[in-house]
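First the structure, in the form of C-alpha cells, and then the observations on it.
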C-alpha cells in the first residue's frame, strides 16, 4: 500500500513537473519575439549628437536629424506592432467554449484595430518633418496609455480566466464524487465533522463558481481590468479554499476506513 | 452401485458447501465499507490526486499575481497619465519578459531616462516613444 502510494505520488509529481514545464515554456515563448525590438538609449543619443555636431550646416543637421527620427519612430512603432501581434497569437491559441468565443473574437478584433492604428501612424510618418515625427510619437504614446494598456490587460485577464475553466471542471467532478462518498458514509455511520468539512468545501466551491461567473461578466461588459482581475483572483482563492476543505474531507474518510 | 451413490452424495454436499461459501463471500463483501465505496468513489480521497489539483490552482494564483505587478497604479481613469516605466513593466509582464527598464525606471518617469540608462540598454516601446516626443 505504501509502495503504491509512493508510486502514485511520484507519477503525480512527474506529471505536475511536465505540466509546469509546458506552461512556463508557453509563457516564455514570446520572449524571443520581444527581444527583437532593441532600440537603445544610444540610438536615441544619435539625435543629440547630430544636433550638437558643429561641422554640419543647418540644412545637413535638419536632414540628418529628420532621417534619424523617422527611422527610430518607425522602428518603435513596428516594435509595438510586434507586441500587439504577440497578444493576438496568445489570445487566438486560447481554447474557450460557448459564448466566451464571442468575447474572444471581440478582443481579437480590438487587437486588429490596434495593428491598423500603428499602420496608419507609420503611413503618416513618411510625409512629416521633425515636429511632425515628435507629434506622431506623442500620439502613439498617449494612445497606448489610454487604449492599448487597458486592452492588453483585458486580453491577459481573458486568457487567465479561460485557463481557469479546466480547473473549475476538475473541481466540479471532484466535488460530485466526494459528495457521493460522503453521502454513503453518512448513511452508514453519521459523522458530524465529515459533513461539516464537506459543507465547507461546497460553500467555498459555490463562492468560487459565483466569482468565476462574475469575472466572465466583467470581461464581457468591458469593466475595468482591475475589477476583472480582482474577481479572477478571488475565484481562484475560493477554489484553493475548496481544496483545503477537501483535504480535510479526505483525511476524515481515510480515518473512517478500516485499515 | 453403493460407491456411485456415495460419490453423488459427496458431490452434492461439496456443491452445497461451495455455494454457501460463495454466498457468504458475497454477503461479506457487500457490507465491507472499502468495497461499498467502489473504486471510483475511493479515488476521491486519493491525497496525491488532490494535491496535484491544488498545486495547479496555486500555480494559477501565482500567474495571476505576476500578471500586472503595477496594475493598481494604472486604474482606468489614470491610464492616460501612466508613466512609460509603468507601462513597460506591465507590457513586459504581459509578454513574460524581464523588464529592461527596471534599473532606470525611477528616472524614466520625468524624461530623465537618458541620464541613467546605459547606451546599450534596450528601451521599452513607451520609453523610446517618450524620448522621441521632444
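Table for the structure above
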read-out: Sorted peptide list for B:121-130, A:207-216, criterion being average Cβ within 10 angstrom, highest first; value: B:121-130, A:207-216
read-out: Ordering of A:227-237, A:190-200 by packing [mean C-beta count within 10 Å, highest first]; value: A:227-237, A:190-200
read-out: Cβ crowding within 10 Å averaged over residues, with A:121-131, B:52-62 ranked highest first; value: B:52-62, A:121-131
read-out: Three semi-axes of the equivalent ellipsoid, the range A:51-256, Cα gyration tensor, whole Å, largest first; value: 57, 15, 12
read-out: Average Cα contact separation per residue, the range A:51-256, under 8 Å, 6 or more apart, as relative contact order %; value: 20
read-out: Efficiency of FRET between residue A:183 and residue A:89 - r from beta-carbon atoms, R0 35 angstrom, step 0.05; value: 0.15
read-out: Full-stretch length increase - residue A:131, residue A:49 - with 0.36 nm per residue and alpha-carbon distance subtracted; value: 27.7 nm
read-out: Nitroxide proxy distance, nm - points 7 Å out along Cα→Cβ at residue A:58 and residue A:199; value: 8.8
read-out: Shielding score for A:181-192, defined as the mean number of other chain Cβ atoms within 10 Å; value: 2
read-out: Average partner coverage of A:99-108, which counts Cβ from other chains inside 10 Å; value: 0
read-out: Shielding by partners - mean other protein chain Cβ count within 10 Å, residues of A:226-232; value: 3
read-out: Förster radius 25 Å - calculated FRET efficiency between residue A:67 and residue B:120 (Cβ-Cβ, nearest 0.05); value: 0.65
read-out: Kirkwood Rh in Å, taken over the range A:126-174 so that all alpha-carbon pairs contribute; value: 13.9
read-out: Sequence of A:70, A:85 once ranked by neighbouring C-beta atoms within 10 Å, starting from the fewest; value: A:85, A:70
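No lab work stands behind these numbers, since they all come straight from the coordinates. Everything numeric in this text was worked out from a predicted model, so none of it was measured. Glycine gets a Cβ as well: all are built from the backbone with ideal geometry, and neighbour counts include every protein chain shown.
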